[in-house]
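This is the structure, below, for whatever I ask next.
Please treat every number below as a calculation from the coordinates, not as lab data. None of the values given here were measured: they were computed from a predicted structure. Cβ sites come from the backbone with ideal geometry, for glycine too, and all protein chains shown count toward neighbours.
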Amino acid sequence: MKIKNICCIGAGYVGGPTMAVIALKCPDIKVTVVDLNKERIAAWNGPLDTLPVYEPGLTEVVAEARGRNLFFSTEVDKAIEEAEMIFIAVNTPTKTKGEGAGMAADLRYVEACAKNIAQVAKTDKVVIEKSTLPVRTAEKIKEILDREGKGVHFEILSNPEFLAEGTAIQDLFKSDRVLIGGYETESGQKAVQTLVDIYANWIPKVKIFTTNVWSSELAKLASNAMLAQRISSINSLSALCEKTGANINELSEAIGMDHRIGQKFLKASVGFGGSCFQKDILNLVYLCRHYGLDEVAEYWHQVIKINNYQKDRFAQKIIDYFGGDLTGKRIAILGWAFKANTNDSRESPAIYFAEKLFKTGAILEIYDPMVSKESIFSDIDFYWEASKPKDITTGISVLNSLNKLDLSIDAVTILTEWEAFKRHDFSKTIVFDGRGILSSSNYSIGKG
Ligand code: UDX
Ligand code: UDX
């Protein structure tokens, strides 16, 4: 079957860029990205400099494909009905209540999508899991589709996304691999082939790896867990470096020169953030416990524990430097995004770091080149717990330019590795560099 119409449910960091690239590379396929969030869709349809996702190269892709064969819409049912292939790219946050709260993935949005597809579909559909999901979710989706459907045939594929934010477009153009998992039935394998044919428009065939559904679902969780594990490994060693006089950057380089280990993901930091690593590892831990694999669960849980330790350790360093009390100390927090080149601040270490400093009495001045003042205050509102001030602006201000930074401040802290911070002259201000990007900072986890 040749696909002419694709629908993607979820116009977020994954759905938006991924579909924009598919549309760009497959001009004969109409790609419609739908979302319940009207503002988000309006922003995707609005001016190119205010797209809801900031990614280097994204505006160029959207500029070329939008209106040609790439469309953004809130008409979910219409797009489902028209499409032969439907990607589910909605969020799967960690559950906050019920069984598995704090660990398991909340699948209610994915399940709602499956119900929606089942109720609307009048023709056969290939339904693709793009969101990261616990292994064996396809079974649940299939069950909903078959139970609620109107006699049409549904085939489920798993096609996890491996893009990293900040390099999403390059990752999509030149993926290390495209993973497609399908049922080992004749119709399952036919569906796999239709998706292979789409990616083959720009990805070399040797990089398209097809597996069974469960391997594909689990490979995504396992890949993220292994990447995060490397960061926690190097971060744990940064603590030992500080005790012994070893330099963490030198250590990282020395270890990474072994080609069996490699250099990537060995950069010590103030901890990893982002919407994926923590959520996916907690999900993996939950799954292992579910299957009675307690030792395996504990092994992976340690990756999260070290990450929390690292975030806390960096904040504590600053508190200790000022003798245990930050009352009245003006401290700048440079960087709010969880990494450079993105406007995404989900689970950013900066949020937890700022909370700890604030609780100890600090007056915070925050700046990030891409995260807006509104987003910063909304993160504080969402993530901070008891320490939240009644009037959220008391003791916290957000600068709109790095040049507004007053260098008579008590200390500057660097939480995101933005290029602009590397080039900035901080004069004689005390700088604590959680990303190890400056060569002359007072304290640096990255530098050791
Ligand atoms: C994230 C993670 O990055 C990814 O790995 C995970 O598997 C899913 O969650 P992301 O694209 O970053 O994906 O999420 P987000 O930016 O929150 O986008 C999801 C979109 O789905 C939102 O715009 C939301 O409005 C939309 N949505 C959610 C729907 O349209 N319908 C729903 O029922 C639920
Ligand atoms: C990750 C995976 O890399 C990607 O394959 C998957 O699809 C989604 O999750 P992302 O979270 O966007 O991507 O960014 P990534 O580059 O992996 O960085 C995650 C966090 O780890 C960031 O906070 C980053 O600063 C931190 N990190 C990364 C380190 O602290 N040290 C490193 O060496 C690398």
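Provide the per-residue ³J(HN,Hα) series for segment 37-54, in order, calculated from phi with Karplus coefficients 6.51, -1.76, 1.60 and θ = phi - 60°, each as a whole number of Hz, with x at glycine and proline positions.
7, 5, 5, 5, 5, 4, 5, 5, 8, x, x, 5, 8, 10, 4, x, 10, 9
Quick one: go through segment 133-154 and flag any residue whose amide nitrogen is under 18 Å from the point 7 Å out along the Cα-to-Cβ line of ALA112.
133, 141, 144-145
Sorted by average packing, counted as other Cβ atoms within 10 angstrom per residue and highest first, what order do 201-207, 83-89, 67-73 take? Can you show the working numbers first?
Working: 201-207: 12.4, 83-89: 24.7, 67-73: 18.4.
In decreasing order of mean packing, 201-207, 83-89, 67-73 become 83-89, 67-73, 201-207.
Hey, can you grab everything whose amide H is under 5 Å from the amide H of THR211? Only 5+ residues off in sequence or another chain; H modelled, so Pro and N-termini drop out.
Amide H neighbours of THR211, under 5 Å, 5+ apart: ILE180, GLY181, GLY182.
Tabulate in residue order the Karplus-calculated ³J(HN,Hα) for segment 186-199, using 6.51 cos²θ - 1.76 cosθ + 1.60 with θ = phi - 60°, rounded to whole Hz; enter x for Gly and Pro.
4, 5, x, 5, 5, 5, 4, 4, 4, 6, 4, 4, 5, 5
Moving on. Post the alpha-carbon centroid distance, segment 366-386 to segment 167-233, in whole angstrom.
34 Å
Grab the other residues whose beta carbon is less than 13 angstrom from that of LYS25, score K and R as +1, D and E as -1, and report the net. Don't jump to the answer; show the numbers that get you there.
Values: positive: ARG68, LYS174; negative: ASP28, GLU64, ASP197.
That works out to -1.
What are the residues whose amide H is under 5 Å from the amide H of VAL135, where those residues sit 5 or more places off or on another chain and H is modelled from the backbone?
Answer set, sorted by chain and number: none.
Right, something else. Kindly rank 246-254, 46-54 from highest to lowest mean number of other beta carbons found within 10 Å of each residue. Can you show the working numbers first?
Details: 246-254: 16.3, 46-54: 14.8.
Result, highest mean Cβ count within 10 Å first: 246-254, 46-54.
Can you tell me how much longer the chain between SER378 and ASN5 gets when fully stretched, taken as 0.36 nm per residue apart minus their C-alpha distance, in nm with one decimal? All intermediate terms of the calculation are to be shown ahead of the outcome.
Working: separation 373, 0.36 × 373 = 134.28 nm, distance 3.69 nm.
Result: 130.6 nm gained on full extension.
Next up: Hey, what do the phi angles of segment 390-397 turn into as Karplus ³J(HN,Hα) couplings, whole Hz, using 6.51/-1.76/1.60 and θ = phi - 60°, x for Gly and Pro?
4, 9, 4, 8, 5, x, 10, 10
Classify segment 5-212: rounded, prolate or oblate, from the alpha-carbon gyration tensor (a ≥ b ≥ c, eigenvalue square roots; a/c under 1.5 rounded; otherwise prolate if a/b is larger than b/c)?
Details: a/c = 1.35, a/b = 1.21, b/c = 1.12.
Rounded, because the longest to shortest axis ratio a/c is under 1.5.
Moving on to the next point. Which value, in debye to the nearest 20, describes the size of the charge dipole of the chain about its Cα centre when Lys and Arg Cβ atoms bear +1, Asp and Glu Cβ atoms bear -1, and nothing else is charged? Don't skip to the end; give the middle numbers.
Details: 53 positive and 57 negative charges, 49 e Å.
Around 240 debye, computed over the chain.
For segment 222-433, give the magnitude of the charge dipole about the Cα centre (Cβ charges: +1 Lys/Arg, -1 Asp/Glu; no others), in debye to the nearest 20.
Details: 24 positive and 27 negative charges, 18 e Å.
Rounded to the nearest 20 debye, it is 80 debye.
Under the rule of at least 5 residues apart or a separate chain, name every residue whose amide H is placed under 5 Å from the amide H of MET85.
Here the answer is ASN5, CYS7, VAL126, since their amide H atoms fall under 5 Å of that of MET85.
Please give the net charge around GLU417, taking every other residue with its beta carbon less than 10 angstrom from that of GLU417, where Lys and Arg add +1 and Asp and Glu add -1. Could you put the intermediate results ahead of the total?
On the way: positive: LYS267, LYS339, LYS422, ARG435; negative: GLU419, ASP433.
Charge balance in the 10 Å sphere: +2.
Still on this structure, I have one more. Once the other residues with Cβ under 13 Å from the Cβ of GLU165 are scored (Lys, Arg +1; Asp, Glu -1), what is the net sum? Intermediate values should be presented prior to the final figure.
On the way: positive: LYS339, ARG346; negative: GLU55, GLU161, ASP171, ASP344, GLU347.
So the surrounding residues net to -3.
By its C-alpha gyration tensor, with a ≥ b ≥ c as the square roots of the eigenvalues, how is the chain shaped: rounded for a/c under 1.5, else prolate for a/b larger than b/c, else oblate? Don't skip to the end; give the middle numbers.
Working: a/c = 1.93, a/b = 1.68, b/c = 1.15.
It comes out prolate by the Cα gyration axes.
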